[in-house]
Amino acid sequence: MEHKIREQLNNVYPVEILHVESVTDQMFRCAAEDGVYFARITNYKSFDEQVEEVAYTEFLCKEGLGVSPVIPSLNGKAVEKITLEQNETLTVLYKAAPGAHLPREQWNADVLKELGRQIGKLHRLSKKFEEAHQIRYINDWHDNEEYHFLNYIPEEESAIRGIAEEVVSTIKKIPKNKSNYGLIHGDIWLENVLVDQDLNLTMVDFQDCEKHYHIFDLAVPIYSAMEYSFAGGGNIIEYGQKITKAIIEGYREEHELSPEMADKLPLFIKLKELFEYSLMHMYGDKEKRTEEQIRIMNHFRMRIENNHSILPV
């Protein structure tokens, strides 16, 4: 498969790719004579959705935000079509971003404050993009299938289904305005952020960009840090308070965050937790779950049913 991908990419793009290796089932690392590229090859979203998403990220790149630049094809297209195993698949080629994934113990308050600032800049530039471009294909969050929790959380889990219904209903009722709602990244896990030695950050993987409340882009990295980057050696409650304070302080240097929306942060973290739990049912094969997967799902289930907040309030 990798050989076929290399052949197809070299036919379509103005690069000479020497080697292709799979990173995920949709992302491929491409070593070329002039550097490293990443090819996203997926029909996860339609052609029109991907074209609009790439137009958005290209705008962000030109405005100076740390995002991976897109390499146009020989036909001048940002989103191309290639054929693999007789199936037409959409592809986008990116120049590798500078920096690297930080070890979890290095996600300290200084780095997370800078991440908050960059998210604030992202939302400020997103508003500028929306003022100049009509958004036709990128969905509002609640129209994306991944948020239709009741389609995937089993009926016998009535308590979690009730909580999911209440959380989604409550969020839908929050008044929208330009300062709190618009285009967001949608998936700022710490794994989707690269950091160089000068603390310059690059956000990657905008595939899940959507129209949502801006605060969701703050809830996701806080959730990610609380779940995966706490390295021990201290108090996790104090760690959560410290990183939340840092991200919000950085964000407010670039973009407004009203006290009313800041108070709703635990609600949006709960939305993210339900999102992750629902995905386990949406994409997982019940009959093939490992003991570790079952353990994680039970941990999520107990935490949600007992209304335990991952963010100390």
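The values are calculated or read from the model by the stated rules, or taken from the named source; none is laboratory data. All values reported here derive from a predicted model rather than from experimental measurement. Neighbour counts are summed over all protein chains in view; Cβ atoms, including those assigned to glycine, are modelled from backbone coordinates with ideal geometry. Heads up: the accessible areas ignore ligands, DNA and RNA and are worked out on the full protein's heavy atoms, side chains in. Shrake-Rupley method; radii C 1.70, N 1.55, O 1.52, S 1.80 Å.
Name the residue from LEU115, LEU65, LEU84 whose Cα lies farthest towards the positive end of the charge dipole of the range 56-115, charges +1 on Cβ of Lys and Arg and -1 on Cβ of Asp and Glu.
LEU65
Could you give the length gained by full extension between LYS245 and ALA100, i.e. 0.36 nm per residue of separation minus their alpha carbon distance, to one decimal place?
Numbers: separation 145, 0.36 × 145 = 52.20 nm, distance 2.43 nm.
49.8 nm is the gain from fully extending LYS245 to ALA100.
Run the dipole for the range 83-172 about the Cα centre, Lys and Arg Cβ at +1, Asp and Glu Cβ at -1, nothing else charged, and hand back the magnitude in debye, nearest 20.
Magnitude of the dipole: close to 840 debye.
To the nearest Å, what is the center-to-center distance of the range 174-190 and the range 210-228, using C-alpha atoms only?
Taking the Cα centre of each part, the range 174-190 and the range 210-228 sit 10 Å apart.
Apply the a/c threshold of 1.5 to the C-alpha gyration tensor of the range 124-203 and tell me whether it is rounded, prolate or oblate.
The shape class here is oblate.
Using a Förster radius of 22 Å, what is the FRET efficiency between GLU85 and LYS288 based on their Cβ-Cβ separation? Nearest 0.05, please.
The calculated FRET efficiency here is 0.40.
Rounded to the nearest whole Å³, what is the per residue volume of the convex hull around the Cα atoms of the range 62-213?
Value for the range 62-213: 195 Å³ per residue.
Running a GNM on the chain with Cα contacts under 10 Å, which residue among HIS214, HIS299, HIS281 ends up with the highest mean-square fluctuation?
HIS299
In the set (1) 20.0, 56; (2) 17.9, 51; (3) 21.5, 73, which value of Rg and Dmax of the Cα atoms in Å was calculated from the structure you see?
(1)
Taking the alpha-carbon centroid of each part, what is the distance from the range 125-160 to the range 74-122 in angstrom?
If you average the Cα positions of each part, the centres end up 21 Å apart.
Helix-derived [θ] at 222 nm for the chain: sum -39500 (n - 2.57) over DSSP H runs of at least 4, divide by residue count, nearest 500? Show your work: numbers first, answer last.
Values: 9 runs with 130 residues, N = 313.
Per the formula, -13500 deg cm²/dmol.
Against the longest principal axis of the chain, how steep is helix 236-252, in degrees 0 to 90 to the nearest 10, with axes from Cα atoms?
Approximately 60 degrees, to the nearest 10.
If I build a Gaussian network model for the chain, linking alpha-carbon pairs within less than 10 angstrom, which residue out of VAL92, VAL12, VAL79 has the largest mean-square fluctuation?
Of VAL92, VAL12, VAL79, the Gaussian network model singles out VAL12 as fluctuating most.
Name the residue from ALA55, ILE163, PRO259 whose Cα lies farthest towards the positive end of the charge dipole of the chain, charges +1 on Cβ of Lys and Arg and -1 on Cβ of Asp and Glu.
Among ALA55, ILE163, PRO259, the one farthest towards the positive end of the dipole of the chain is PRO259.
Which of the trypsin sites (Lys or Arg not before Pro) across the range 91-166 are loop residues per DSSP, with 14 or fewer other Cβ within 10 Å?
Numbers: sites: LYS95, ARG104, LYS113, ARG117, LYS121, ARG124, LYS127, LYS128, ARG136, ARG161; in loops: ARG136.
Here the trypsin sites (Lys or Arg not before Pro) that fit, given the DSSP loop and packing criteria, are ARG136.
Once the cut-off is 20 Å, how many percent of the Cα-Cα pairs in the range 129-254 end up in the long-distance tail?
Summing the P(r) tail past 20 Å for the range 129-254 gives 57 percent.
What part of the accessible area of the chain, given as a whole %, is carbon or sulfur when the probe is 1.4 angstrom?
Values: 7330 of 15540 Å².
Taking all protein chains in place, the chain shows 47 percent carbon and sulfur surface.
Have a look at the DSSP beta bridges in the chain and tell me what percent are antiparallel, nearest 5.
95 percent
Simple spin-label model, 7 Å along Cα-to-Cβ: ALA55 to ASP110 in nm?
Reported label-point gap for ALA55 and ASP110 is 4.1 nm.
Percent relative contact order of the range 53-185, based on C-alpha pairs within less than 8 angstrom and at least six residues apart? Numbers along the way, then the final one.
On the way: 84 pairs, mean separation 26.5, N = 133.
Relative contact order here is 20 percent.
7 Å from Cα along Cα→Cβ at both SER309 and GLU253: what's the point-to-point distance in nm?
2.7 nm
Give a quick list of GluC sites (Glu not before Pro) in the range 14-62 that DSSP marks as loop, anything other than H, G, I, E or B, with at most 13 other Cβ atoms within 10 Å.
Sparse-neighbourhood loop GluC sites (Glu not before Pro): GLU16, GLU33.
Heavy atoms only, 1.4 Å probe, whole protein assembly: order LEU18, LEU112, LEU199 by accessible area, highest first.
Ranked from most to least accessible, the order is LEU18, LEU199, LEU112.
Please check which bits of the range 195-224 a label hung off MET302 would reach, taking the label as a point 7 Å along Cα-to-C-beta and the cut-off as backbone N under 15 Å.
none
Tell me, what is the 1.4 Å probe accessible area of TRP189, in Å² to the nearest 10?
Using a 1.4 Å probe on the heavy atoms, I get roughly 40 Å².
Taking 7 Å along the Cα-to-C-beta vector as the label spot, tell me the ASN144-ASN200 distance in nanometres, rounded to one decimal.
2.8 nm
Would you work out if the range 1-91 is rounded, prolate or oblate? Take a ≥ b ≥ c from the square roots of the eigenvalues of the alpha-carbon gyration tensor; rounded if a/c is under 1.5, else prolate when a/b is larger than b/c, oblate otherwise.
Details: a/c = 1.71, a/b = 1.26, b/c = 1.36.
Judged from the Cα gyration tensor, the range 1-91 comes out oblate (a/c at least 1.5, b/c at or above a/b).
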